[in-house]
Each structure stands twice: as C-alpha cells, then as structure tokens.
Amino acid sequence: MIVTLKAVVHGGKIELAEPASLPEGAKVLVTLLPEDDRDFWMEASQKALAEIWDNPEDDGYAKLLEK
C-alpha cells in the first residue's frame, strides 16, 4: 500500500508534518511540490477531469441537456 505523508524541509532535513511510525530502513520517495500547492493540484485535477469528461459518450448527455 502506498501512503502519502506531508513534510517540509528545515535546515536541509526533511521533517514530517505529523507523527508517523516508519520502520527503520523504510524506503521512501520524495516529491518536490511547487511553492504554491494550489497551482499543482489545479493542474493535476484538470488533467484527471479531462480524461473523465472529455469523451464521445458525453455528447449524448450534452444533447439531452439542451432539451
């Protein structure tokens, strides 16, 4: 199972924003987010929504809404 934990960098070290029980030697991935998290999440959500809503099946629903 993949778990995402929030963290910040202080004095060159990564510090978790909340306590977590991690076993010694646990393997982690660190992803750097832009300073403005809002831009990151807006872009990520727009891509996901485009994949869901931008499809030929939606044309039928759009026609029903026009009536």
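All of the numbers you see were taken from the coordinates with simple rules; none came from a lab. As the structure is a computational prediction, the values presented were derived from the model and not from experiment. Here the Cβ is made from the backbone with ideal geometry for all residues, glycine too, and neighbour counts use every protein chain on show.
Observations on the model:
- Sequentially through segment 23-31, phi angles give Karplus couplings (6.51, -1.76, 1.60; θ = phi - 60°) of x, 4, x, 4, 8, 10, 10, 10, 10 Hz, Gly and Pro residues having no value and appearing as x.
- Mean-position separation - Cα centroids, segment 35-56 and segment 1-22, in angstrom: 25
- Linear extension gain, Glu66 paired with Glu35, 0.36 nm per residue minus alpha-carbon span: 7.0 nm
- Degrees between helix 57-66 axis and first principal axis of the chain (Cα, 0 to 90, nearest 10): 60
- Take the convex hull of the alpha carbons in segment 7-66; its mean projected area over all directions comes to 7.6 nm².
- 5 angstrom amide H check on Ala7, placed H, neighbours 5+ away: Ala17
- The angle between the Cα long axis of helix 37-53 and the longest principal axis of the Cα atoms of the chain comes to about 40 degrees, rounded to the nearest 10.
- Low-density loop cleavage sites - GluC sites (Glu not before Pro) in the chain, where at most 12 other Cβ are within 10 Å (DSSP): Glu24, Glu35
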